[in-house]
Each structure stands twice: as structure tokens, then as C-alpha cells.
There are 2 protein chains.
Amino acid sequence: MKQETRQEEIIRVAAKLFKEKGYSAVTMRDLATAMNIKAASLYNHINSKQDILESIIISIAEKFTVGMTSVLASNATCIEKLKEIIALHVEISSQNIYGMAALNHDWMHLESQLNHYKKLRSDYENDFKTILIEGVNSGEIIDIKPDVMMFSILTTLRSLYLWIPKKEDVNLKELTNNLNEILIKGVVK
Amino acid sequence: MKQETRQEEIIRVAAKLFKEKGYSAVTMRDLATAMNIKAASLYNHINSKQDILESIIISIAEKFTVGMTSVLASNATCIEKLKEIIALHVEISSQNIYGMAALNHDWMHLESQLNHYKKLRSDYENDFKTILIEGVNSGEIIDIKPDVMMFSILTTLRSLYLWIPKKEDVNLKELTNNLNEILIKGVVK
DNA sequence: CAAACAAACTAACAAGTGTTAGTTTGTTAG
DNA sequence: CTAACAAACTAACACTTGTTAGTTTGTTTG
């Protein structure tokens, strides 16, 4: 178990605060208080508030990119690929609950990395849509606008971070199975 | 067609800015610039920045409460009730795209009205869950944790504001029908 | 022991924050 | 014509913001 550096600790605590109030509403003095030090001391470990946001968002966004690459490489059916994507979101979200909040709420406050983030996101969405279109063409998936299907599934997956912490006893395996059912087969009996 | 007051205009423009950067990152000077006046002049029409946020969020939250009351009053099947809720979200979201962003992102910045908002939201979620549980009991709906079903459907519906504006040509009737299919019957053929 | 280092501190800065007070301007109603 | 009003303005306030400079403290390493 690798020891957490002071910098990593600051970034982790910052993500937690960002989830509660959003990037703009969290001051360096808030963050310092949460770390039990003075605001100026933070700068021994980090370069700027913006750098903290970048670290949080870009590292997670790249995890999704890596995950999607691996899904695309598999030669499973489209429905199987969808299930892999669902599992990917459950895994990343459960391991980065606070970071996911920053990614969803505060990406627009990125500065130098804004375009990089946007590229990663639009590539991800395009890959997702491609999988759905293949499923429609092969007859696995209903013939409804792929945009609407992607939106529907992806927004649920992107909001997992809001919900996972509420039920601490939730079994992630069970959650994944339930989402597979609901997102793919619907709720009707 | 009722003429928009200056106050309503300010609130409408504020909601637009809040969607782009969030409540905390929008300054009264930003808002004034968008209105082509000076920041101090805003205070001839509104009491405070906080008041603007309250107006936006509470008015929409109450629309949902009214809508849910009407759904509960109908004696349709649970699946039909679900479809009514979907239609409710499409309607309110399409008519309040910017306000929905504030409601989803900035509710935690409410001050005196925070508890009021939270109550409206938790009542809404409880009513939603009750409908699902009735559906499970009557055999209309699959027997999966109602919490997970509600989360899945509701997060998609709550995020509609992110997506509706992108396709200006989207037919709302068609969108509603597609969501009915996807959220209720899933995407599998 | 001495040098190096990690990590905290105090003090201060320039810029930006929401908001108030008091005033001016142009339009509408008696 | 004048009184009333809506809606803008300038100037300023007290406070908060992210950040820098320079210093102190205690621990680790040669």
C-alpha cells in the first residue's frame, strides 16, 4: 500500500469539498482549514487552485478513455459491450466519488486543459454511439435515435457518484447487475 | 402575451449565465454586463443575488410538485403514471432549460430556502418510489430495488436540460415517445 | 554536528466581491 | 407644466479572493 503524499492528500480533500459546494465556491482558505493548516502553506505542495482541478478531472477522464479503448478492442456482442461500459462506470465512479462530482459539475472551470477535456469527452461519446449504431445495424438493439439512447444511458451512468455513497451497504456487483437489467431491458415486466 | 418585467428579464438572463458557469462563478458585474447596465443598477429590480437563485429554483421545484400531485391523482396504471412523469419532465425541462441547470447544480447554494427545496425534492422522490413499488406489487414492473430503478430513470430525466438544447430540431413529442420506450422497455430488441 | 529538506508559519498584495447611498435622466400621468 | 416614477448612473464600502515573499521549525541524512 503506497503511502499518500501530502500533495495527493490535498487533492483528495479538495475533491471532497468541490463535491459539496463546487469549485468556485471553495476557497483556498476553506481547503486549508479542512487540512488544518493555513492557506499559504498549501502552496508548498500545489501550484495553484486550477492545478488541483486539472489533476482531479483529467486523471479520471483518462481512466474512462482507457476503459473505452479496451471495450472497443473486445470482440463481444454490442449488448455485451454495453454491459462492459456499465461495469466501467460503476468501477470508476465508486473509486472516485468526489472526483466524479468535479468532473460532472466543474469541467467548465478548466482553463488550459479545457480543450483537452472536451476532446476526451466527445471521443468517448462518439465511441459509445458507434457501439449503439452497430447494435442497431445487427438487430441487437431497437431502432431508435442512437443519440437519445446514448443520452439516456450515459446520463444515468454519469450520475452514479450522486447515488452510490447514499447506500453504503450497496453491493457493487448487485448494483451493476441491476443497472444491466434496467438500462438494457427496461423496467417493464 | 404578457410583457416581461425588467425583474423577470434579469432573472432569465441570470439563469442563462448560471447554466454556463454556475451560481458562484457568476458575479453581479457579469450579470450587469449581460444586461448592458452597471452592477449597482441591478438592485433597482432585485434584492440580492441569493433572491435570484431562489426565484429560479423554487418556482421550478414547485412546478414538479404540482405535476406529481396530478399524476398521483390519476387512476391510471403504474406504467401509465411513469409515462406521465416522463412527459412532465420533458415539458418543464424544455420550457426552463436554464433554470433546470441552476436547480441541478446550484441548489446547495440556497440559504433560507434550502430546507424548503430539500423537502420538495425528497417528497417528490418518495412519491416516485411509491409509484414504482405499487407497480412491483401489481406485477407490472420488474422486482428490482425500487431505489435503483428510480435513480436510473430520474437522473436521466433530471439531465434532460443538458441535452434538449443541442438538437434544436428535436421534436418534443418524438423525444417523449423515445424516452418512454427506452426507460420502460430498455434498448434491447 | 552540519547540511538539507519538508512543511508549516506570518504578513501582505492587488484584484475582485456583493451591496449601499445618493444622484441623474428620460418618460408618463394629472 | 409639473409631479411622480422607472431605471439608469457614479462612487464608495467592507470584505474576500488567490497568491507571493520571506521566515521558522522540526526531522532526516551524510
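No value in this document is a laboratory result; all are computed from the given coordinates. Small disclaimer: the values here were computed from a predicted structure and weren't measured. We place every Cβ from the backbone using ideal geometry, glycine too, and count neighbours over all the protein chains shown.
Below, the figures for the structure above:
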{"read-out": "Nm distances between copies for A:K185, ranked from closest, using label points 7 Å along Cα→Cβ", "value": "1.6"}
{"read-out": "Inter-label distance for B:V66 and A:K185, nm, one decimal - labels placed 7 Å from Cα along Cα-to-Cβ", "value": "4.0"}
{"read-out": "Number of partner chain Cβ atoms within 10 Å, mean per residue of B:134-146", "value": "3"}
{"read-out": "Those lysines that a straight Cα-Cα span of less than 24 Å connects to B:K129, excepting residues fewer than 8 apart in one chain", "value": "A:K166, A:K167, A:K173, A:K185, A:K189, B:K63, B:K81, B:K83, B:K118, B:K119, B:K145, B:K185"}
{"read-out": "Calculated label separations, B:E9, copies of the chain, 7 Å along the beta-carbon direction, nm", "value": "5.4"}
{"read-out": "Computed lengthening from A:N36 to A:E20, 0.36 nm per intervening residue step minus Cα-Cα distance", "value": "3.9 nm"}
{"read-out": "Anisotropy class of the protein assembly as shown from Cα gyration tensor, a/c 1.5 cut", "value": "oblate"}
{"read-out": "Kyte-Doolittle mean at least -1.0, axial Cα span of 15 Å or more - DSSP H helices of chain A", "value": "A:6-21, A:49-73, A:78-95, A:114-138, A:146-158"}
{"read-out": "Efficiency of FRET between A:N115 and B:T130 - r from beta-carbon atoms, R0 30 angstrom, step 0.05", "value": "0.10"}
